[in-house]
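No lab work stands behind these numbers, since they all come straight from the coordinates. These figures come from a predicted structure and were not determined experimentally. All Cβ positions, even for glycine, are placed from backbone atoms using ideal geometry, and neighbour counts span all protein chains on display.
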Amino acid sequence: MLPKIVALCGHKQVGKDTIGSILEKAYGYTPIKFASPLKKSIQELFGFSQEQVDGSGKELKDPRYGCTPRTIMQFFGTEIMQTKLQDVMPGCGRDFFVKRLIESISPDKRYVITDLRFKHEAEGLRRAFPSMKGLPVGSPEPGAKELPHPMGSLKKIGNLVTFLKKNPGPYVVTAKLDGNAALLQHDNSGCTRLYSRGDGTRGFEITGMLETVVAPIPKLNSALNVRGELVSKIPDSRSLIAGAMHSSDLTGKLKPGDVHFVAFQVLSQGNNDQDQELRFLNECGFLTPGAERLPTINHNKLETLYNRWKDEYPSDGVVILDVGTGVKMAYKSFEPEELKQTTVTSVTWRCSKDGALKPTVHFDPVIIGNATIQKATGYNYKWIKTMSIGKGAVILIERSGGVIPKISRVLTPVPPDRPSEAHQVKGSDAWSLDSAECSMFAVLLNFCKTLKVRGIGPGIVKKMVANGIGVDEVLNGKGDFVKDCTKDCEKIREAFYQAGTVDLAVASNAFGKGFSRLKLQKVVDKFGADAFLSIPTISSKYDELLGQKTATTFLSGLVKFIKWRSQLQSVPTTVQ
């Protein structure tokens with residue numbers, strides 16, 4: 001039996017509306033949104049078109065207001081309707097839009113909600129429809145392993161007063177480290193391993209970092225699973241450490257001892273007394289975060305502790321444990337999101353593996369947090385043109401999620417930059433008309449990254465392409481005859497032999513732009529790896545799994561992939 005309500009939650013532009021449309025056409029669901037009343041009001045107030053509130057136009061700056069419709073909708077929906085309005089109309093409540101949506105639901109229809117964003121929205125739906133259940137979906141990352149112990153994430157405190165009423169103390173307050181979560185495992189055989197957190201149940205083994213960049217950790221005498229953060233005081237350490245977790249080449253980025261493992265929880269003991277845990281970790285010789293036990297707390301006390309601890313290790317808040325209830329949550333309401341003004345120095349265009357020219361915006365360096373930022377993505381040709389970004393433009397920069405540089409606004413627009421090479425504009429992108437060499441570089445680099453070829457980066461790929469070596473030349477052995485490229489070609493072929501079907505399908509580029517690993521993995525999960533070895537006669541099964549349009553694209557790519565594989569039946573390991 002189909003559920004009455006389906007509510008979709010996820011990052012922007014991941015396909016929530018697309019899924020809603022599929023449920024509407026295939027199963028008769030009625031799409032509804034929490035934001036529909038707001039969007040209708042905004043559309044009327046500001047004279048926006050339907051495309052500007054519901055389509056791709058919401059991401060484009062409106063020259064009348066100097067910002068995007070999305071920015072206006074976020075301001076009115078979050079700042080005004082969920083916060084400020086309650087000061088004037090206390091009876092309105094933060095769940096105003098939740099109540100409006102629930103009131104519109106008819107008992108004889110099925111609905112798909114495509115814009116579930118906030119915790120109180122989910123809670124409101126669960127109260128109205130108690131049988132609703134959450135279902136996380138996605139595909140496990142290739143190479144990830146099941147962690148020795150689950151690593152859950154902390155919930156954040158929205159309203160401190162409400163939290164304190166429910167959790168009267170006493171409290172243990174610790175610094176919330178702004179690093180990269182990791183699990184240190186020491187087993188009975190004396191072996192020590194390090195894992196990244198991943199999704200909390202599956203992560204990557206990063207033990208190699210213990211031998212390269214992580215400062216020495218204490219020797220342990222018994223089996224232990226310790227949770228901590230990898231932190232460093234060097235600028236932009238969080239991004240560098242994240243890169244090191246997935247890279248075998250750390251040269252020039254991090255030096256031995258630059259990174260410290262700061263421990264704060266013993267996962268294998270099941271002990272809720274954090275005071276005792278931290279003392280135990282200190283006695284073992286681990287570094288631990290700042291901590292203090294307090295009978296009562298308030299915002300000012302917490303801010304004092306945060307300011308005291310943030311210079312010891314990078315921190316972005318505090319963690320509060322109520323000793324009585326055992327509730328542990330994060331509190332981060334100390335510093336506003338930082339925006340920095342700067343001036344664009346240039347826009348560079350990189351040819352993708354598909355031939356699209358992708359812009360990167362370079363600007364005068366700014367420091368946000370402890371990171372020096374000098375460039376950010378320009379997304380595509382249309383975005384650069386619409387935002388009027390070129391040399392001399394004055395822009396505001398922020399760090400999305402505290403990590404990724406992002407252009408927030410354009411304060412002083414200029415004539416937009418354009419690619420210098422011959423191109424044609426199609427859709428949102430500019431496409432290279434002279435893309436042979438740059439596409440050869442992008443395809444080979446993508447091939448090496450997808451197959452995780454150790455020690456092969458942009459510099460080596462550039463050298464190989466300059467010598468006329470692309471993917472085909474590597475795999476058929478012709479590249480081996482070029483001086484200084486033989487060992488690199490052998491490395492790539494070794495990775496080719498060890499690769500799984502999905503990795504090879506992605507690396508081949510046969511399926512083209514927009515056909516993700518997730519879609520290819522679905523085919524393997526449903527039909528097995530043999531689905532990639534011959535052209536099937538049961539294309540209707542692919543229609544059912546992927547949708548008719550996507551299935552047609554898949555079958556077209558499959559023809560190219562099989563042809564590509566057939567040409568590589570005798571790939572050499574070495575050339576004599």
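DSSP beta bridges fully contained in the chain are about 90 percent antiparallel.
Considering every alpha-carbon pair of the range 164-331, the percent of pairs per 5 Å bin, from zero through the bin containing the longest distance, is 1, 8, 17, 20, 19, 16, 10, 5, 2, 1, 0.
For the range 5-128, the alpha-carbon coordinates run over 42, 36, 24 Å along the three principal axes, in decreasing order.
Per DSSP helix of 4 or more residues, -39500 (n - 2.57); summed, then divided by the residues of the chain. What does that give at 222 nm, rounded to the nearest 500?
Values: 21 runs with 194 residues, N = 576.
Taken over the chain, the calculation gives -9500 deg cm²/dmol.
Within the chain, which DSSP H helices have Cα atoms that stretch 24 Å or more along the helix axis and a mean Kyte-Doolittle hydropathy of at least -0.5? Qualifying helices: 548-566. For the range 66-75, the Karplus equation 6.51 cos²θ - 1.76 cosθ + 1.60, evaluated at θ = phi - 60°, returns couplings of x, 8, 8, x, 4, 4, 5, 5, 5, 5 Hz by residue, with Gly and Pro reported as x. Each residue of the range 382-394 was assigned a 3J(HN,Hα) from its phi angle through the Karplus curve 6.51 cos²θ - 1.76 cosθ + 1.60 (θ = phi - 60°); the sequence is 5, 5, 4, 5, 5, 7, 6, 10, x, 4, x, 5, 9 Hz, with glycine and proline shown as x. Starting from the Kirkwood Rh over alpha-carbon pairs, what translational D in µm² s⁻¹ does the range 269-392 have by Stokes-Einstein at 37 °C and 0.692 mPa s? Reported coefficient: 173 µm²/s.
With r as the distance between the Cβ atoms of residue 22 and residue 529 and R0 = 30 Å, compute the FRET efficiency 1/(1 + (r/R0)^6) and round to 0.05. My answer for the efficiency is 0.65. Think of the chain as a dipole: +1 on every Lys or Arg Cβ, -1 on every Asp or Glu Cβ, centred on the Cα centre; then among 373, 315, 164, 164 lies furthest on the positive end.
Proximity of backbone amide H atoms, modeled 1.01 Å from N, is registered between residue 327 and 322 at under 5 Å, excluding neighbours fewer than 5 places apart on the same chain.
Please identify which residues in the range 202-246 have an amide N closer than 16 Å to a label point set 7 Å out from the Cα of residue 454, following the Cα→Cβ vector. Answer for the range 202-246: 205-213, 244-246. Taking amide H as placed 1.01 Å from N in the peptide plane, residue 371 has its amide H under 5 Å from the amide H of 236, each at least 5 places away in sequence or on another chain. When the inverse distances between all different Cα atoms of the chain are averaged and flipped, the Kirkwood radius reads 27.6 angstrom.
Modelled spin labels at residue 303 and residue 275, positioned 7 Å past Cα toward Cβ, are 2.8 nm from each other. Among 232, 428, 106, 239, a tally of other beta-carbon atoms within 10 Å of each Cβ gives an order, fewest to most, of 106, 428, 239, 232.
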